[in-house]
Amino acid sequence: MDSDIQISITDRNDKTHMLEVPSDIGMNLMELCNSSEISKMGICGGIALCGSCQVYIESDHELTDCSNDELSMLDNLMYVKSNSRLACQIKLNNKLNGLKVRIAPDQ
Amino acid sequence: MKIFNTDIAIVGAGPCGLFSVFEAGLLGLKCHLIDSLPVAGGQLSEIYPKKPIYDIPGIPEILAGDLIKNLMLQIAPFNPSFTLGETVIGLSKKEDGKFELETNQNSVIRSKVVAIAGGLGNFEPRKPQIENLIQYENCGVDYIIKDPEKYRNKKVVISGGGDSALDWAIYLTEVANQVTLIHRRTGFRGAPESVSKVMRLVQQKKIDLITNAEVNKLIGNSHLTNIEIKIDNSETISKSLDFFIPLFGLVPKLGPIATWGLNIDKQAIEVNTLDYSTNSKGIFAIGDINTYPGKLKLILCGFHEATLMVQSAYRIIHEGKDPSFKYTTVTGIKGIN
Ligand SMILES: Cc1cc2nc3c(=O)[nH]c(=O)nc-3n(C[C@H](O)[C@H](O)[C@H](O)COP(=O)(O)OP(=O)(O)OC[C@H]3O[C@@H](n4cnc5c(N)ncnc54)[C@H](O)[C@@H]3O)c2cc1C
Ligand code: FES
């Protein structure tokens, strides 16, 4: 389908999964990781309150800026790098075709 | 060693553990709750106290923190006892048929019935990546402030940039001899009123604020005495102190519950939906910690589970006798002393 995009997710065992996903159903990256059973995350349901969904963005896609809530959660997390983001705050859309992410270590 | 005897020992003082006290109280059963958090409320107190909840029957909207306050009021007539700030590490059955729960701080709770309402698990602190951090736990490093008096006239260094780091830094200026706050970034994103209070205290030299900085080394013998702080990723300074308190929030981990011989599937305890009993007679599991076909991790589902659970608990405690079913409108609330 036209709306499908490819996303690569590297899990905590260093295994890379290539996923083809619809970009027009309002799904976020945390939900994608959960539904594809790559990693169990999302304690807070996706409102930037638990930090269980930290990922590193490894491609140079332009993402929406971090909200204040996301930045304050990142302030509290361990293993934070300059390319850290909360997967629940990244809504999938067709500009993210080819996005590469790596799941951060468990807190 | 502190010893408590009760009818139902409840592991976890989240909403489901709390509501069990009410339903048990209606049947005349006493409860003792244990939680590793220093306050009751589970996820609602630790993760989202200021978020509104919209799906509690009969209450169109309520802040999570207020729901916990109301639950505490609702169960007050039944006089539950609490052991807060302690983690249940052991659960065993004794020869007299009673269970014995043991905490990490040597409290012992004895009861005929155990209800595990452990939610997503025991809340454990996020620990900063400092090499010898664990060596100084309880001898200079604390992750949770249980009793602020411990820090009276002491030199305290707090690290973190969230609300709890800000709020404790503010509070401890009244108690400690010296308060230092270390934050990874320059700006704070906590509640604006806390941020401005901290800034005022910095101006008044009551808080020593070090930003763009991280603690990277702990030094001491049997007790922590000094830390090294790396600023702007280059300069390193040393500081003497009595306590280092990293406050980066808590994360739930299933923890000790996994070692109690219960059937576990994907981090949750399998139960029989008849009464939410586990594979071990006398041990029940309710709320987010249990799993069964169709399980939903919702507060209202946990309340229902708690209600059915105490009926079976009654039968165990009263050796097979059935509880009598009565409406609260008929009986009112008869407290327990
Ligand atoms: C951000 C967010 C929003 C939510 N919104 C809603 C909503 O709108 N509506 C809704 O119905 N639900 C909501 N939920 C889910 C709801 O919070 C949970 O269903 C509920 O908290 C479960 O209650 P509980 O009593 O089972 O467990 P918890 O609230 O998780 O409490 C369990 C307690 O047990 C303690 N514990 C565990 N193991 C041990 C041990 N070994 N020793 C000592 N203590 C231990 C833990 O420290 C914890 O305090 C939300 C959850 C989150 C995170
Ligand atoms: S799911 Fe909780 S922060 Fe993303």
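Scanning the stretch B:15-60 for residues that are within 14 Å of chain A (Cβ to nearest Cβ), assigned to a loop (DSSP other than H, G, I, E, B) and either under 27 Å from residue B:105 (Cα atoms) or within 16 Å of ligand 2 (Cβ to nearest atom) (or both) turns up B:47, B:48, B:49, B:50, B:51.
Identify, from the list B:50, B:69, the residue that is surrounded by fewer than 21 Cβ atoms within 10 Å (Cβ to Cβ) and in contact (Cβ under 8 Å) with a residue 12 or more places away in the chain.
Values: B:69 fails: in contact (Cβ under 8 Å) with a residue 12 or more places away in the chain.
Of the residues listed, the single one that is surrounded by fewer than 21 Cβ atoms within 10 Å (Cβ to Cβ) and in contact (Cβ under 8 Å) with a residue 12 or more places away in the chain is B:50.
All conditions but one from (1) buried (at least 18 other Cβ atoms within 10 Å of the Cβ); (2) within 16 Å of ligand 1 (Cβ to nearest atom); (3) modelled with pLDDT of 95 or more apply to residue B:244; the one that does not is (2).
With respect to the conditions (1) in a loop (DSSP other than H, G, I, E, B); (2) within 14 Å of ligand 1 (Cβ to nearest atom); (3) away from every other protein chain (no Cβ under 14 Å), residue B:97 lacks only one, and its number is (2). For the stretch B:180-190, the criterion of being on the phi > 0 side of the Ramachandran plot and more than 29 Å from the chain's Cα centre (by Cα) is met by no residue. Here residue A:75 does not qualify as without any contact (Cβ under 8 Å) to a residue 12 or more places away in the chain and away from chain B (no Cβ under 14 Å).
Residue-level check: of (1) in contact with a helix residue (DSSP H, G or I) (Cβ under 6 Å, 6 or more places away or on another chain); (2) within 11 Å of another protein chain (Cβ to nearest Cβ); (3) more than 16 Å from ligand 1 (Cβ to nearest atom), residue A:70 misses just (3). Out of B:239, B:205, one residue alone is outside any strand (DSSP E or B), modelled with pLDDT of 95 or more and among the charged types (D, E, K, R). It is B:205.
Scanning the stretch B:246-273 for residues that are facing another protein chain (nearest Cβ under 10 Å) and part of a loop (DSSP other than H, G, I, E, B) returns B:247, B:248, B:249, B:266, B:267.
In the stretch B:291-325, which residue that is outside any helix (DSSP H, G or I) and in contact (Cβ under 8 Å) with a residue 40 or more places away in the chain is surrounded by the most Cβ atoms within 10 Å (Cβ to Cβ)? Lay out the reasoning, then the answer.
At the first step, the residues of the stretch B:291-325 found to be outside any helix (DSSP H, G or I) are B:291-298, B:318-325.
Checking which are in contact (Cβ under 8 Å) with a residue 40 or more places away in the chain leaves us with B:298, B:323.
Numbers: B:298: 14, B:323: 17.
It comes out as B:323.
The values are calculated or read from the model by the stated rules, or taken from the named source; none is laboratory data. The structure displayed is predicted, hence computed values, not measured ones. Cβ coordinates were reconstructed from backbone atoms using ideal geometry, including for glycine residues, and neighbour counts include every protein chain displayed.
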